[in-house]
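The values are calculated or read from the model by the stated rules, or taken from the named source; none is laboratory data. In this text, all values refer to a predicted model and were calculated from it rather than measured experimentally. All Cβ positions, glycine included, derive from the backbone under ideal geometry; neighbour counts span all protein chains shown. SASA here: full protein model, heavy atoms, side chains in, ligands and nucleic acids out. Shrake-Rupley method; radii C 1.70, N 1.55, O 1.52, S 1.80 Å.
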Amino acid sequence: MARKAVKVKITYCAECGYEPQTLALAEVLMNTFAHDLSSIELVPWFEGSFEVSVGGDLVHSMYRDGGFPEHETVIDAVRAHLADGG
């Protein structure tokens, strides 16, 4: 049985210059998961935001957790979501 692909959404503060962190995370996810991702949505936002959702579940929020997420944290969340069948 094929696994259901998962969507990752990265909301980042465009006015803060968070594009490098956003693109680095997107690249890691693309290289790690290839066809297991249905999409990676990049949403330019404001007010210091940097949030990552996997399959609709918030896995990191700069407001809640502080700073940027470790790539491995997001990778683990995607793997868990895929293991649960999406």
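Of all the residues that make up the range 39-51, how many are of a type outside the set (A, V, I, L, M), surrounded by 13 or more Cβ atoms within 10 Å (Cβ to Cβ) and assigned to a strand (DSSP E or B)? So the answer is 4. Scanning the range 31-48 for residues that are within 23 Å of GLU15 (Cβ to Cβ) and at pLDDT 95 or above yields ILE40, GLU41, LEU42, VAL43, PRO44. Pairs meeting the criteria (first residue in the range 58-70 and free of Cβ contacts under 8 Å to residues at least 60 places away in the same chain and outside any helix (DSSP H, G or I), second residue open to solvent by 40 Å² or more (accessible area, probe 1.4 Å) and acidic (Asp, Glu), beta carbons under 9 Å, at least 6 apart or on different chains) are LEU58/GLU51; VAL59/GLU51; VAL59/ASP76; HIS60/GLU51; HIS60/GLU70; SER61/GLU51. Can you tell me which residue is surrounded by the most Cβ atoms within 10 Å (Cβ to Cβ) among those in the range 1-28 that are in contact with a helix residue (DSSP H, G or I) (Cβ under 7 Å, 6 or more places away or on another chain) and outside any strand (DSSP E or B)? Among those that are in contact with a helix residue (DSSP H, G or I) (Cβ under 7 Å, 6 or more places away or on another chain) and outside any strand (DSSP E or B), it is LEU25. The condition of being touching a residue at least 60 places away in the same chain (Cβ under 8 Å) and crowded, with 17+ Cβ neighbours inside 10 Å holds for only one of VAL78, VAL54, that being VAL78. Considering the range 29-38, the residues that are at negative phi, of a type outside the set (S, T, N, Q) and out of contact with any helix residue (DSSP H, G or I) (no Cβ under 8 Å at 6 or more places or on another chain) include one that is surrounded by the fewest Cβ atoms within 10 Å (Cβ to Cβ), namely HIS35.
Evaluated against (1) at positive phi; (2) modelled with pLDDT of 95 or more, ARG79 falls short on exactly one condition, (1). Selection of the range 57-67 for residues being over 23 Å from LEU82 (Cβ atoms) and either surrounded by fewer than 17 Cβ atoms within 10 Å (Cβ to Cβ) or basic (Lys, Arg) (or both) yields TYR63, ARG64, GLY66, GLY67.
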